[in-house]
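Any read-out appearing in this document is the output of simple, stated calculations on the displayed coordinates, not a laboratory observation. None of these values were measured; they are calculated from a predicted model. For neighbour counting, all protein chains shown are included, and Cβ atoms are generated from backbone atoms with ideal geometry for every residue, glycine included.
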Amino acid sequence: MADETKGKKLQKNLTHKWENVWKDMDSSEEKIVESFNEEYKEFLDVGKTERESAEEIIRIAKENGYIELNEVINKNMEVKPGTKIYVNNKNKAVAMFVLGKEDITKGMNIVGSHLDAPRIDLKQNPLYEDGELSLFKTHYYGGIKKYQWVSQPLALHGLVIKSNGDKVNIVIGEDENDPVFMITDLLPHLAKDQMGKKMGEGITGEGLNLIVGSKPYNEDDLSDKIKLNVLNILNEKYGIKEEDFTSAELEVVPAGKARDLGLDRSLVAAYGHDDRVCAFTSLKAILEIDNPNRTSVGLFVDKEEIGSVGNTGMQSRFLENTVAELIDLTSDSYSEIKTRRALANSRVLSADVSAAFDPNYPNVLDKRNAPYVGKGVTLVKYTGVRGKGGSNDANAEYMTDIRRIFNENDIIWQMGELGKVDQGGGGTIAYMLAKYGMEVIDCGVPVLSMHAPYEVVSKADVFMTYKGYKAFYQA
Ligand code: MN
Ligand code: MN
């Protein structure tokens with residue numbers, strides 16, 4: 001360009017502009033993005049709980065040649081670079097490994113996401129009758145705004161284990177012909193006191209009771225006939241009794257499927273993008289890894305929303321123990337130092353969603369450092385609260401490695417920070433992996449309405465995140 005001024009040239013060379021993924025996309029690429037997201041929506045619809053998602057990931061892993069670790073050990077199967085192994089952690093968390101050409105002690109490339117999402121769980125003694133209704137008592141799970149969960153159709157997912165050990169899987173409210181459940185809200189006519197309260201206090205935790213019936217069991221001289229009728233229906237259909245609720249894990253989630261959002265269908269509205277969008281994109285990425293240099297790991301954990309606790313959460317030794325097993329399998333002699341080296345030399349993308357800039361709430365985000373919907377996979381160097389408190393602040397050296405990998409592979413990426421300084425904050429599994437010495441950075445999809453019954457993501461970001469994870473595995 002002959003008429004390009006010196007200043008314009010300088011501007012082009014020195015300044016950085018974050019691009020929109022849709023810009024310059026041709027129609028054949030748009031079709032690929034579209035079909036990728038169709039598959040993603042199906043993944044969301046079949047996996048609304050951590051158990052359902054884990055089951056689906058294991059099904060897909062097996063279909064793609066992954067063998068269960070215990071089977072490899074017990075059958076003394078040969079393991080070599082390219083061998084694909086998965087581990088099922090109590091039906092709630094999964095790890096997938098593609099063994100690399102390099103020794104595992106040189107480190108692994110790990111993408112770690114979580115399968116649990118905010119929801120409402122049933123209490124262990126849930127069923128009662130009041131006001132000619134039968135209801136379930138609940139205890140919410142994770143960070144929800146309680147007022148979002150009332151007066152909308154809800155479904156019940158989970159399992160009941162009977163005293164004889166039989167497992168009964170339950171999904172009610174997803175089929176068009178299924179009944180749904182609902183938590184009532186107060187009519188505006190009588191909500192003078194409620195509407196005067198703070199938003200966080202208008203609906204209480206003990207007020208999140210789910211309507212499950214209103215018909216009495218038809219026999220005179222019985223107490224709690226409406227409750228009895230519900231128990232009778234459950235017994236006829238599933239063979240369960242009231243005591244069986246004590247060994248049940250039943251989760252209440254929004255009923256219905258993931259939907260396209262917007263006239264241009266560029267977005268997906270669904271329950272549980274956080275964090276199944278990172279689970280799905282990292283799953284799709286690792287499925288395309290066949291003979292990596294470094295061992296590739298797809299890690300899908302549970303309990304992130306309540307602090308990564310328990311034996312299925314990231315704070316457990318699940319990953320460590322599994323890596324120890326792999327070292328035992330792949331080397332002549334096991335020694336603990338090898339496990340420690342394998343962990344310490346690893347690189348991680350802590351795959352979780354970030355808070356996208358929302359024009360309805362511009363005041364809580366720094367416009368210059370917030371991630372935007374449609375601007376690609378988001379890297380978050382640090383999270384934390386009140387001055388990066390509790391954050392894994394990724395090293396600049398590692399950040400530049402990831403930046404180079406993304407740039408060399410035409411990944412459209414952006415930097416993001418969770419909200420304005422001192423506005424609030426949060427964190428994910430990054431710091432738990434970093435304690436082994438691993439290099440870790442948060443990397444995922446920007447989300448609108450995070451933790452709401454329906455969250456929103458951009459199809460372009462979903463696709464770009466998958467491409468980013470794949471490039472990371474291949475690096
Ligand atoms: Mn998350
Ligand atoms: Mn979350």
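Which one of I67, V111, Y86 has its Cα pushed farthest toward the positive end of the charge dipole of segment 1-158, where Lys and Arg give +1 and Asp and Glu give -1 at the Cβ?
Positive-end residue among those listed: V111.
Using 0.36 nm per residue of separation minus the Cα-Cα distance, give me the extension gain between Y334 and D3 in nm, one decimal.
Extra length available between Y334 and D3 comes to 112.4 nm.
R0 = 22 Å: FRET efficiency of N235 with D130, Cβ-based, nearest 0.05?
The value I calculate is 0.55.
Is the C-alpha gyration tensor of segment 434-475 telling us rounded, prolate or oblate? Criteria: a/c under 1.5 is rounded; beyond that, a/b larger than b/c is prolate, otherwise oblate.
oblate
Only Lys, Arg, Asp and Glu count, each charged at its Cβ (+1, +1, -1, -1), so figure out the dipole size of segment 223-371 about its Cα centre, rounded to 20 debye.
Computed about the Cα centre, the dipole is about 400 debye.
To the nearest 10 degrees, how steeply does helix 225-238 sit against the main Cα axis of the chain, on a 0 to 90 scale?
Computed tilt is about 50 degrees.
Using 1/(1 + (r/R0)^6) with R0 = 51 angstrom and r between the beta carbons of Q194 and S35, what's the FRET efficiency to the nearest 0.05?
According to the calculation, E is roughly 0.65.
Taking square-rooted eigenvalues a ≥ b ≥ c of the alpha carbon gyration tensor, is segment 214-323 rounded, prolate or oblate, where a/c under 1.5 means rounded and, failing that, a/b exceeding b/c means prolate?
oblate
Using a Förster radius of 25 Å, what is the FRET efficiency between V421 and H16 based on their Cβ-Cβ separation? Nearest 0.05, please.
Calculated value: 0.70.
So if a site counts as exposed when it's one of the GluC sites (Glu not before Pro), its DSSP state isn't H, G, I, E or B, and it has at most 14 other Cβ atoms within 10 Å, what's the longest stretch of the chain without one?
289-475
Quote the Stokes-Einstein diffusion coefficient, in whole µm² s⁻¹, for the chain, based on the Kirkwood radius over alpha carbon pairs, a temperature of 10 °C and a viscosity of 1.306 mPa s.
Estimated diffusion coefficient is 66 µm²/s.
How about segment 194-301: which trypsin sites (Lys or Arg not before Pro) there are in a DSSP loop, with at most 16 other Cβ atoms within 10 Å of their Cβ?
Those satisfying the criteria are K197, K198, K241, K257, R265.
Within segment 302-365, which trypsin sites (Lys or Arg not before Pro) sit in a loop by DSSP and count at most 13 neighbouring Cβ atoms inside 10 Å?
Filter output for segment 302-365: R317.
Assign unit charges at the C-beta atoms only (+1 for Lys and Arg, -1 for Asp and Glu), then state the dipole size of the chain relative to its Cα centre in Debye, rounded to the nearest 20.
Magnitude of the dipole: close to 1780 debye.
Suppose only helical runs count, i.e. DSSP H with n ≥ 4. What mean residue ellipticity at 222 nm does that imply for the chain under -39500 (n - 2.57) per run, divided by all residues and rounded to the nearest 500 deg cm²/dmol?
That comes out to -9000 deg cm²/dmol.
Provide the three semi-axes, in whole Å and in decreasing order, of the ellipsoid equivalent to segment 119-254 as defined by the square roots of 5 times the Cα gyration tensor eigenvalues.
Equivalent ellipsoid semi-axes, largest first: 27, 19, 13 Å.
Find out how many positive minus negative residues lie around E129, taking Lys and Arg as positive, Asp and Glu as negative, among other residues whose Cβ is under 10 Å from that of E129.
-1
What is the angle, in °, between the Cα long axis of helix 396-408 and the longest principal axis of the Cα atoms in the chain? Nearest 10 is fine, range 0 to 90.
The angle comes out at about 80 degrees.
Taking 28 Å as the cut-off for C-alpha to C-alpha distance, list the pairs among K23/K467; K137/K420; K23/K303 that go past it.
Checking Cα-Cα distances, K137/K420; K23/K303 exceed 28 Å.
Of the listed pairs K146/K225; K123/K215; K123/K145, which have alpha-carbon separations greater than 28 Å here?
K146/K225
So which aspartates and glutamates pass the test for K12, namely a Cα distance under 17 Å, with those fewer than 8 places away in the same chain ruled out?
Here the aspartates and glutamates satisfying the reach criterion relative to K12 are D3, E4.
If contacts are Cα pairs under 8 angstrom and at least 6 residues apart, what is the relative contact order of the chain in percent?
Dividing the mean separation by the residue count of the chain yields 22 percent.
Need one word for segment 1-100: rounded, prolate or oblate. Basis is the Cα gyration tensor (sqrt eigenvalues a ≥ b ≥ c); a/c below 1.5 gives rounded, then a/b vs b/c decides.
prolate
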